[in-house]
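One structure is given here, and the rest of the page talks about it.
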Amino acid sequence: MAARKTSLAEYPALSLEAELLLCCACLQPTADQRDRIAQLLARDLDWISLLELAAVHGLRPLVFLHLGERLPKLIYAELWSQQQLLRRRNKIMAAELIAILQFLDEHDIPAIPYKGPVLAARVYGDLALRVYGDLDLLLRPGDILQAKALLETRGYQPHYPMAPAVEAGLANSRMHYHLALKRDQPAILVELHWKTDAEFPVESSDTCWWSNLPTARFEGQDVKAFSPSELLLVLCLHGSKHFWASLGWLVDVAELIRQQPTLDWAWIIARAESQNAGRRLAYGLHLMEVLLRVELPDVVRSWLATQIEAKRIALASIPGLLDPDTPMPGAFKRMKLNFALYETGRQRLIHATDVVLMPGLVEWTGWSLPGPLSALYLPLRWARLAWKYASASFRRN
């Protein structure tokens, strides 16, 4: 027997604005959602609150798509103008992505573009229906520094300048998995990843895996891509890492699920569980099922029914996602939530050790120390963390 499906009725009451936003958070609203949209539009809505909430979650394009001329005239004019700017901006970024991929390919550097414009085209079929701010590329670890040097010939500069020795330390750190480069004209940020996630990478470093990557059609070109099942897991692990701070990320995965009825759920679940990341996968799927009405296969719902801790975390996170008056979680709360998402004591111990003992971008870019003094990065990190948490505690009191 399939597990009982959870519903939004089990969760805290939502504002009218949040409910309207959720009805718009899809490509094709159901008949029930269209009816509810009509009912909500007849109510006294706080349009400023709705726009602010939609902006936080990257959902203004979908709000404009589904409400259109039913919006108050001033709101309609503002969103129409923003939509035109977004379309032009996203087209520029898509063209630059194609140019970068071709440039890297000329130097025998394979790259997988994911998120950003490729995800917009693949899932939404329209570059202007997704908000994104950078271009994410996955490369083989050994190609990162060469790719960085090549992009510098195209006018890109490190977003976080650091000495070569420090940069090498970053590449070998367990906590980090990408380098960021920026260009001012036009303003574009590119992230070169050697992993999709520091702790839960979905990709394989195997040469065979790279040689047999599928392709996806993008802007008239065939580009390397993750399989749909791999992409779903990449997106879910990324969303959980950031506690699903953007509902737009949930919509990405929800629409991918709706469009891919043959997803290999057995592989997805097994891959997540093999990395002790099942709780992180379930966290996102619980939110999608409840907030976005995603129809999951019975086998997935049965598995989700065993993920009690993930459901608890999802339930606790909803008020913060949809209530603009709920403060964002501070450093202590984020650490506690991250610990709850880990499934083993070993994971928690490694994470805590890394936080305390591994210098990061703030230290490496804030203080440029010569090699003989590199050991000082550790006490500098301790001092910074002590100040950070002491300040957070003082603000709470």
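Things to note:
- Hits in region 100-114 - residues which are without any contact (Cβ under 8 Å) to a residue 24 or more places away in the chain and not in a helix (DSSP H, G or I): Asp108
- Within region 257-272, if we keep just the residues that are crowded, with 18+ Cβ neighbours inside 10 Å and in contact with a Ser or Thr (Cβ under 6 Å, 6 or more places away or on another chain), the residue that is nearest to Val294 (Cα to Cα) turns out to be Leu263.
- One residue from Val294, Val223, Val253, Val234 being out of contact with any Leu (no Cβ under 7 Å at 6 or more places or on another chain), aliphatic (A, V, I, L, M) and closer than 13 Å to Arg122 by Cβ: Val234
- Complete set of residues in region 273-294 that are closer than 17 Å to His238 by Cβ and free of Cβ contacts under 8 Å to residues at least 40 places away in the same chain: Ala282, Met288
- Taken over region 290-347, the criterion of being assigned to a helix (DSSP H, G or I), among the polar types (S, T, N, Q) and either at pLDDT below 90 or surrounded by 17 or more Cβ atoms within 10 Å (Cβ to Cβ) (or both) is satisfied by Ser317, Asn338, Gln347.
- On inspection, Arg60 passes the criterion of being among the charged types (D, E, K, R), closer than 18 Å to Cys26 by Cα and out of contact with any Phe, Trp or Tyr (no Cβ under 7 Å at 6 or more places or on another chain).
- Against the test of being within 30 Å of Ser229 (Cβ to Cβ), touching a His at 6+ places or on another chain (Cβ under 7 Å), among the aliphatic types (A, V, I, L, M) and in contact (Cβ under 8 Å) with a residue 12 or more places away in the chain, the options Leu137, Leu129, Leu97, Leu86 yield a single qualifying residue, Leu137.
- Entirely in region 137-246, the helices (runs of 4 or more DSSP H) that have 2 or more residues that are among the aliphatic types (A, V, I, L, M) and either more than 26 Å from Ala94 (Cα to Cα) or modelled with pLDDT of 95 or more (or both): 144-152, 164-171, 228-241
- Any pair with Cβ under 7 angstrom, 6 or more apart, that starts in region 167-186 at a residue that is of a type in the set (S, T, N, Q) and ends at one that is not in a strand (DSSP E or B): Ser173/Met358
- Tally of residues being among the β-branched types (Val, Ile, Thr), surrounded by 13 or more Cβ atoms within 10 Å (Cβ to Cβ) and either modelled with pLDDT of 95 or more or touching a Cys at 6+ places or on another chain (Cβ under 8 Å) (or both) across region 1-49: 1
- Of everything in region 374-389 that is modelled with pLDDT of 70 or more and within 29 Å of the chain's Cα centre (by Cα), the residue that is farthest from Pro164 (Cα to Cα) is Ala386.
The values are calculated or read from the model by the stated rules, or taken from the named source; none is laboratory data. Note that the structure is a prediction, hence the values are computed from the model and not measured. Here Cβ is always computed from backbone atoms with ideal geometry, including for glycine, and neighbour counts include all displayed protein chains.
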